[in-house]
Amino acid sequence: MASENRAVAYKEPGKVEVIDIDYPTFELKDGPGVNPANVGRKVPHGVIVKTVATNICGSDQHMVRGRTTAPPNLVLGHEITGEVVETGPDAEFIKVGDLVSVPFNIACGRCKNCKERKTGICLNVNPDRPGSAYGYVDMGGWVGGQANYVLVPYADFNCLKFPDKDQALEKIMDLTMLSDIFPTGFHGAVTAGVGVGSTVYVAGAGPVGLAAATSALLLGAAVVIVGDMNEDRLKQAASFGCETADLTKGGPAEHIEQILGEPLVDCGIDAVGFEAKGHGAGAKEAPATVLNDLMDITAAGGALGIPGLYVTGDPGGIDENAKKGSLSLSLGTGWAKSLSFTTGQCPVMKYNRGLMMAILHDRVSIGKNVNAKAIGLEDAPQGYEEFDKGAATKYVLNPNGYIKN
Ligand SMILES: NC(=O)c1ccc[n+]([C@@H]2O[C@H](COP(=O)([O-])OP(=O)(O)OC[C@H]3O[C@@H](n4cnc5c(N)ncnc54)[C@H](O)[C@@H]3O)[C@@H](O)[C@H]2O)c1
Ligand SMILES: [Zn+2]
Ligand SMILES: [Zn+2]
């Protein structure tokens, strides 16, 4: 059943292109970024999904900016929602016609970590290291989903089926955030210890920061302060009830003190990662800034949720240490305050069903809060460019015309 399959591929730093790729089969083929040990791997437990919505992420931008070792022609896309069009012989419960959200982590459902719901560090899907994702460097080589069609392995385990297709299509601009940023932001908030009455500082007002802020409010936080140096993104955070900290005008501690009367919050969330900038007008990249800020402004006994991505190799790092992913942390500050840290990929499956229910029953408007905007697959290069310039928009690709708006 060969169908045309167009896909967004990384070409070189600063450039993506929409190219033709093969229609998926139930076997992993060799290709850009595919681990040799995964070539020829059979995927009878998989399904082929026709994409309904597939989003551009800040994580993709690290690759596209040339800040990773991603090879040219790597097909991008790990935020996938789609309609199942083919099932492998061992897919038992997911059926053709189902509309599903696909967690960006690929997880086998059989290993020790999956059994403990740590699906961000599945042991069986990536020969290089624990943890895997679609369309990502060093993640085993599973082909990305910014395409018309994509293969989803271990489908019965990975797919979250929406209960009603028509209702799901109506709320698709919210539900599309379940594949990554909404659970990721929520995990950031949960692991930072957010609960009723908490005061929270979220570093970064990109889509993940806005999703973390949305999650903190959903969890009952009293005050959520979002810090960034991007004015439009801060306005977006203010639009749904957050306080803001404009970091072109001083560090987070000063802003927090003005808002709360003391330079401390209960919970700190890093939604920035290793490409962090320092504070003040025209500040340059300083990769440890956010982690040091959070240790500084989180009250003793508090916790840091760190969804922001840190790498083990960064060709564009500011110095030799940063190139190896080694940062200059004031860990003594964190130690003295008994702070706890949670890093790593978000285990999407822990949260996606509950957050789906919150969306379907109108408890939360994640699509509006992150300013989701649908664009055509062929318009992806422009979407990447605008997102890279700091647009206060979460770009949702609409490869097969399901999204009508
Ligand atoms: N852990 C996970 O599972 C997971 C999942 C998705 C994304 N991520 C990561 O989350 C991070 C955010 O993703 P995104 O899509 O929102 O990215 P983004 O690049 O759109 O947003 C990052 C924002 O941080 C701001 N920023 C830079 N330095 C800052 C500082 N010192 N203080 C406050 N803000 C600062 C930037 O201006 C930008 O608006 C990325 O590193 C991404 O890779 C992790
Ligand atoms: Zn993502
Ligand atoms: Zn596993």
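Ordered by solvent-accessible area of protein heavy atoms (1.4 Å probe), largest first, the residues K389, K235 come out as K389, K235. Computed over protein heavy atoms with a 1.4 angstrom probe, the accessible surface ordering of D362, D314, D174, largest first, is D362, D174, D314.
Extents of the chain, taken as max minus min of Cα coordinates on every principal axis and listed largest first, are 63, 48, 42 Å. With 22 Å as the limit on Cα-Cα distance, the pairs of K11/K350; K42/K95; K284/K389; K11/K389; K373/K404; K29/K161 that go past it are K11/K350; K29/K161. Each Lys and Arg contributes +1 and each Asp and Glu -1, all at the Cβ; summed about the Cα centre of the chain, the dipole is approximately 740 debye. Summing charges over all other residues whose Cβ lies under 10 Å from the Cβ of M229, with Lys and Arg as +1 and Asp and Glu as -1, gives 0. Per residue, segment 1-79 exposes an accessible area of 39 Å² to a 1.4 Å probe, with every protein chain left in place.
Convex hull volume per residue, computed on the Cα atoms of segment 264-404, equals 169 Å³.
Think of it as helices only: each DSSP H run of n ≥ 4 in the chain is worth -39500 (n - 2.57), and spread over all residues that comes to -6500 deg cm²/dmol at 222 nm. Using a probe radius of 1.4 angstrom, the carbon and sulfur fraction of the accessible surface of the chain is 50%.
Here the ratio of the Cα radius of gyration of segment 231-338 to 2.2 N^0.38 Å is 1.11. Cα centroids of segment 156-187 and segment 36-79: 19 Å apart.
The values are calculated or read from the model by the stated rules, or taken from the named source; none is laboratory data. What you see is a predicted model; the values in this text were computed from it and never measured. Heads up, the Cβs are rebuilt from the backbone with ideal geometry, glycines too, and the neighbour counts pull from every protein chain shown. SASA here: full protein model, heavy atoms, side chains in, ligands and nucleic acids out. Shrake-Rupley method; radii C 1.70, N 1.55, O 1.52, S 1.80 Å.
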